[in-house]
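J.: Quick one: the structure is below, and I'll ask about it shortly.
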Amino acid sequence: MFCLSLCALTLWQNGSLPVLPGYAKKKFTKGLLGPGKEEKIMLCAFSKLDKEKIETIKSAEKKMGKTLLAFSCHDVAAATLTEEELDVIRKTERELDIVLVAVKA
């Protein structure tokens, strides 16, 4: 298992496919992109915080004089994609100016 931060996704040179750490040198089944076996990845995004947690973080920021960002992480299984599915994701990413990661439901 490895950690995947949305902020740290790298892109293939020929498109917007996120490259998971360690996957750049892996060989994939022809016509499919993604992990060859079920592998869990840790996907992190900004945390949804209640008022109490925000105050605790603000207190820590004040003590240190630094800005803190809060992330929550979840274990997910990466989905295997066909070229056609990848094209749909790329089009949607360009349209919305976001990064999408396909996971198994």
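No lab work stands behind these numbers, since they all come straight from the coordinates. All values reported here derive from a predicted model rather than from experimental measurement.
J.: Quick one: length gained pulling Lys63 to Glu84 fully straight, 0.36 nm per residue minus the C-alpha distance?
T.: Length difference between fully extended and current span is 2.5 nm.
J.: Each residue of the stretch 95-102 in turn: what ³J(HN,Hα) in whole Hz from Karplus with 6.51, -1.76, 1.60 and θ = phi - 60°, glycine and Pro shown as x?
T.: Rounded to whole hertz, the list is 4, 9, 6, 9, 10, 10, 10, 7.
J.: Under the 0.36 nm per residue contour assumption, what length would be gained going from the current alpha-carbon distance of Thr56 and Val101 to full extension?
T.: Separation in residues times 0.36 nm, less the Cα-Cα distance, equals 13.1 nm.
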